[in-house]
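In what follows, a single structure is set out as structure tokens and then discussed.
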Amino acid sequence: MSVYLHDIPLPQAKARLEAALIAAGKAGVLEIEEIPLDEHALGRVLAKPIWAKLSSPHYHASAMDGYAVRSDSTSSATPANPLELLINSGAKYVDTGDPLPEWADAVIPIENIEPETYGNQPADPRNPAAIRIRAAVTPWSHVRTMGEDIVATQLVLPAGQVLRPVDLGAIAASGCDSLSVSRKPRVAILPTGSELVAIGLPVKAGDIIEYNSIALAAQVEGWGGEARRYPITADNFDTICQRVQEAARENDLILLNAGSSAGSEDFSSQVVSELGELLVHGVAVRPGHPVILGMIGKEQRNIPIIGVPGYPVSAILTGEIFVEPILARWLGREPHTPVTLKARLTRKVTSPAGDDDYMRLAVGRVGEQVLAAPLSRGAGVITSLVRADGITVIPRGTQGLPAGSEVNVELYRNPSEIENTILAIGSHDICIDILAQYLASRNRRLTSANVGSMGGLVALSRGECHLSGSHLLDPESGEYNLKYIQQILPELPVKLIAFVGRQQGLMVAKGNPKGITSLKDLTRQEVFYINRQSGAGTRVLLDYHLKLLNIPPDTVRGYTHEEFTHLAVAAAICSGRADCGLGIAAAAQALDLDFIPLYQERYDLVIPVRFYRDKLLAPLLEILTEAEFRKTVANLPGYNVEIMGQEII
């Protein structure tokens, strides 16, 4: 048994796995199976090429409803001197797809003939006694000649083709009724961890809903494999060994998904070492660092096993980095190559120098440039992948990138979706999320990065977004946003559109156990406050009122503890990390907190004039005038929509 230490570079980890697969005879297609040609062949991978058994069409076929003729017999026809052809001796009626008579080499469309009759019967273009034509026809006009589409014995589809609906039609047209495909690799997904709870069961503190196996299984199925999800296995070494051995007897690949409890990753490495060979224990990638690669097979066939980290983002990226390439080689197809584009970062990012850093990005076109806004980096934040338009890899040895750096983005979405994306950077508000939902039905995506009101105006000044949500109070005038727009955007023509009036107040735990009633209570030593980040409108509002009350910020416990959204503040209070925080009533209601109303404020949308007049934002501005949207927002606690859509400047 060989044991390798943690954190080897990704190329080295892939090379060790590659060598092990070659040694085990598992470097190519696993097996070939013959299947009938039907709808179930869709998405399968051809293991052998398709050679045409028949030509298509396999006879000369009429391409039009009309009359089959000998082209040389029509050479004298002109508009001034029409030619008459008798039916059955000089012309024969054919429908589209009918075989041509052996003597014919052209078809005259029915609309180009004049029917002739004898006697008193009316002329019938489909059953005349003769036809008159006023133009000659060339050989093989309006005829699908034999082999026009496919010629017998020609290559129709190569091995390695992932079958599409049109491919199935081509195979059938070539006279084949069965095909050889690569057997779907069977992938066992084994979730482990005593803290895991199956979906649908009640959870208590310390429990974690097990959903990694669903995401991993969906990846496997999407890549052409056959996923087999096993029941949750508690953290017991012998039980996990038994489950892995069972899976090894029935599958081609094992994904051993570790839980997040202490020592769970060590269980995975111990199991692999006990049952086979541990190739890699830790790869220098973030997220996904604690990946384990090995082979199971002391007394049975060699089966590769991947110890998948417990954090969901790490698990999903492990699938993309390691599992998809293995399945591609076993299916005989090329590994997935994502669509990429160049984009510029909207802000500076840092990165661990020793790791390849997979950074999630929201992407949109703003004017002439494509911009990428970095999203949450947490390995446990699966919604960062839901929101992500793509990822970029910051290579090891790089400690970060400055704002404006050009990066190569591997897209998770179709490029056309990027072109229809509205990029909002600024203050967080629940109504922005609702607006995004309404826009989704109008071929528009609204993606947002929450950096606070001040950060949003700075982003506008750098041309990094289409709009910004802002609620910055000017203590001297009592007005919102105007002073800051003049200071930060002096040269940028903008429209300031009122979005909502909303209530700010203190969010506290249910029942208000510490009896908090006002900002004065923040000076009590037993009260811990959770703040918004510097530059957020809520932070500006707090500082303004603390100053009015002569309360120094350093007397507020927790003043330096920051979150970036109202919901994140509410979550901190709900979880007991803090006793209170300034925020909106809707966030308090969302997490079943009590709310102490204190202030009314105006939340606006700041939109550069050049985008305000652009068709990209037209649906957004229309929605602000619609009764249904206004009613949806008005039904949220603490919101007023009377000002919605008003043009301030």
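The values are calculated or read from the model by the stated rules, or taken from the named source; none is laboratory data. Bear in mind that the values here come from a model prediction, so they are computed numbers and not experimental data. Note that we place each Cβ from the backbone using ideal geometry, even for glycine, and neighbour counts take in every protein chain shown.
Here is how the numbers come out for the structure above:
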| item | result |
| --- | --- |
| Where SER376 falls short, out of the listed (1) in contact (Cβ under 8 Å) with a residue 24 or more places away in the chain; (2) farther than 20 Å from ARG462 by Cβ; (3) part of a loop (DSSP other than H, G, I, E, B) | (1) |
| Qualifying residue in region 32-40 (condition: buried (at least 17 other Cβ atoms within 10 Å of the Cβ) and in contact with a helix residue (DSSP H, G or I) (Cβ under 8 Å, 6 or more places away or on another chain)) | no |
| Cross-chain or 6+ apart pairs with Cβ under 9 Å, region 16-28 first and at negative phi, then surrounded by 14 or more Cβ atoms within 10 Å (Cβ to Cβ) and of a type in the set (Ser, Thr, Tyr) | ARG16/TYR4 |
| Of the criteria (1) out of contact with any strand residue (DSSP E or B) (no Cβ under 9 Å at 6 or more places or on another chain); (2) within 16 Å of GLN504 (Cα to Cα), which one LYS631 fails | (2) |
| When residues of region 440-461 are limited to those that are over 17 Å from LEU371 (Cβ atoms) and crowded, with 24+ Cβ neighbours inside 10 Å, the one modelled with the highest pLDDT | SER453 |
| Residue match in region 228-235 (condition: in the same structural domain as ILE305 (by TED's automatic domain parsing) and within 24 Å of the chain's Cα centre (by Cα)) | yes |
| Hits in region 173-194 - residues which are within 15 Å of SER268 (Cβ to Cβ) and either outside any strand (DSSP E or B) or basic (Lys, Arg) (or both) | GLY193, SER194 |
| Which listed residue is modelled with pLDDT under 95, surrounded by 12 or more Cβ atoms within 10 Å (Cβ to Cβ), within 29 Å of the chain's Cα centre (by Cα) and assigned to a helix (DSSP H, G or I), from ALA13, ALA20 | ALA13 |
| Counted residues, region 204-221 - those being surrounded by 14 or more Cβ atoms within 10 Å (Cβ to Cβ) and of a type in the set (Gly, Ala, Ser) | 3 |
| Failed criterion for ASP72 (all others in (1) within 23 Å of MET146 (Cβ to Cβ); (2) buried (at least 18 other Cβ atoms within 10 Å of the Cβ); (3) outside the structural domain of VAL156 (by TED's automatic domain parsing) hold) | (2) |
| Selection within region 222-231 - surrounded by 14 or more Cβ atoms within 10 Å (Cβ to Cβ), assigned to a loop (DSSP other than H, G, I, E, B) and either without any contact (Cβ under 8 Å) to a residue 60 or more places away in the chain or of a type in the set (S, T, N, Q) (or both) | TYR230 |
| Residue within region 26-45 that is closer than 30 Å to ALA135 by Cβ and either assigned to a strand (DSSP E or B) or in contact with a Ser or Thr (Cβ under 7 Å, 6 or more places away or on another chain) (or both) present | no |
| Pick from region 610-628, criterion touching a residue at least 12 places away in the same chain (Cβ under 8 Å) and either among the basic types (Lys, Arg) or in contact with a strand residue (DSSP E or B) (Cβ under 6 Å, 6 or more places away or on another chain) (or both), ranking: farthest from CYS431 (Cα to Cα) | ARG610 |
| 2 or more residues hydroxyl-bearing (Ser, Thr, Tyr) and over 30 Å from GLY354 (Cα atoms): qualifying helices (runs of 4 or more DSSP H) within region 383-483 | 453-461 |
| Residues that are under 19 Å from the mean Cα position of the chain (by Cα), under 16 Å from VAL280 (Cα atoms) and either assigned to a loop (DSSP other than H, G, I, E, B) or without any contact (Cβ under 8 Å) to a residue 60 or more places away in the chain (or both), drawn from region 306-346 | THR318 |
| Candidates LEU472, LEU546 - the one that is more than 29 Å from THR421 (Cβ to Cβ) and of a type in the set (A, V, I, L, M) | LEU546 |
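Yes/no matrix, rows are residues, columns are (1) among the hydrophobic types (A, V, I, L, M, F, W, C); (2) under 25 Å from ILE8 (Cα atoms):
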{"site": "TYR358", "(1), (2)": "no, yes"}
{"site": "GLU368", "(1), (2)": "no, no"}
{"site": "THR383", "(1), (2)": "no, no"}
{"site": "ILE391", "(1), (2)": "yes, yes"}
{"site": "GLN399", "(1), (2)": "no, yes"}
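Let's see how each residue does on (1) outside the structural domain of ALA188 (by TED's automatic domain parsing); (2) touching a Leu at 6+ places or on another chain (Cβ under 9 Å); (3) surrounded by 22 or more Cβ atoms within 10 Å (Cβ to Cβ):
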{"position": "GLY282", "(1), (2), (3)": "no, yes, no"}
{"position": "VAL291", "(1), (2), (3)": "no, no, yes"}
{"position": "GLY294", "(1), (2), (3)": "no, yes, yes"}
{"position": "ARG347", "(1), (2), (3)": "yes, no, no"}
{"position": "GLY364", "(1), (2), (3)": "yes, yes, yes"}
{"position": "ARG387", "(1), (2), (3)": "yes, yes, no"}
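Yes/no per residue for (1) over 19 Å from VAL606 (Cβ atoms); (2) out of contact with any Cys (no Cβ under 7 Å at 6 or more places or on another chain); (3) among the charged types (D, E, K, R); (4) touching a residue at least 60 places away in the same chain (Cβ under 8 Å):
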position: SER477; (1), (2), (3), (4): no, yes, no, no
position: LYS483; (1), (2), (3), (4): no, yes, yes, no
position: ILE488; (1), (2), (3), (4): no, yes, no, no
position: LEU492; (1), (2), (3), (4): no, yes, no, yes
position: ALA498; (1), (2), (3), (4): no, yes, no, yes
position: LEU506; (1), (2), (3), (4): yes, no, no, yes
position: LYS510; (1), (2), (3), (4): yes, yes, yes, yes
